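Chemist: Dropping the structure in here first, questions after.
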Amino acid sequence: MLYDALKKNIVLGRRAIQNKNIKNAHNNLIKAQTIVSELMNALDMNYPISEELLAIYEFMTRTLNEANVQKNADNLESLLEIVDSLREAWQEVSRQNKGKSSDLFAAEAGVSVE
């Protein structure tokens, strides 16, 4: 799941900043930004939830960018909380929609399958 990879890269980026490993911090935060970008690209804007998710993803992108440029890990903890919440919500939707076709499931979740 993309949220797992996103969390992993934020954690690794935060740790690298704390350890003053600028290169690893940069690489992991860029990977996290790339994942958020993919999540944004997957949104189907025909659904109201997509507007809300887009706002969250835009916030995450700004926060990751600021943390990377400033090499400041202070705001990364709040991102981890957001990622955990989104992951839990997605898992709950998945549990509730077991047995539905993947296209229908994705449409109900506001995600484009194209």
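The values are calculated or read from the model by the stated rules, or taken from the named source; none is laboratory data. All of these numbers come straight from a predicted model, not from anything done at the bench. Methodologically, a virtual Cβ is constructed for each residue, glycine included, from the backbone with ideal geometry; neighbour enumeration extends over all protein chains shown.
Chemist: Every residue in segment 15-48 that is under 20 Å from residue 85 (Cβ atoms) and more than 15 Å from the chain's Cα centre (by Cα), please.
Modeler: If the condition is that a residue be under 20 Å from residue 85 (Cβ atoms) and more than 15 Å from the chain's Cα centre (by Cα), then 47, 48 are the ones that fit.
Chemist: Here are some conditions: (1) loosely packed, with under 14 Cβ neighbours inside 10 Å; (2) part of a helix (DSSP H, G or I). Residue 8 meets all but one. Which one does it not meet?
Modeler: Among (1) loosely packed, with under 14 Cβ neighbours inside 10 Å; (2) part of a helix (DSSP H, G or I), the lone unmet condition for residue 8 is (1).
Chemist: Taking the condition at pLDDT 95 or above, among the polar types (S, T, N, Q) and under 18 Å from residue 1 (Cβ atoms), does residue 41 pass?
Modeler: Values: at pLDDT 95 or above: yes; among the polar types (S, T, N, Q): yes; under 18 Å from residue 1 (Cβ atoms): yes.
So residue 41 passes the test.
Chemist: Before we move on, is residue 19 without any contact (Cβ under 8 Å) to a residue 12 or more places away in the chain and either in contact with a Lys or Arg (Cβ under 6 Å, 6 or more places away or on another chain) or of a type outside the set (Phe, Trp, Tyr) (or both)?
Modeler: Working: without any contact (Cβ under 8 Å) to a residue 12 or more places away in the chain: yes; either in contact with a Lys or Arg (Cβ under 6 Å, 6 or more places away or on another chain) or of a type outside the set (Phe, Trp, Tyr) (or both): yes.
So residue 19 fits the description; yes.
Chemist: Sort out which residues of segment 61-90 are touching a Phe, Trp or Tyr at 6+ places or on another chain (Cβ under 9 Å) and either outside any helix (DSSP H, G or I) or of a type outside the set (D, E, K, R) (or both), and write them in order of number.
Modeler: 79, 82, 83, 86, 90
Chemist: Is it true that residue 29 is assigned to a helix (DSSP H, G or I), among the hydrophobic types (A, V, I, L, M, F, W, C), farther than 13 Å from residue 73 by Cα and without any contact (Cβ under 8 Å) to a residue 60 or more places away in the chain? Step through it out loud before you land on a result.
Modeler: Details: assigned to a helix (DSSP H, G or I): yes; among the hydrophobic types (A, V, I, L, M, F, W, C): yes; farther than 13 Å from residue 73 by Cα: no; without any contact (Cβ under 8 Å) to a residue 60 or more places away in the chain: yes.
Here the answer is no, as residue 29 does not meet what is asked.
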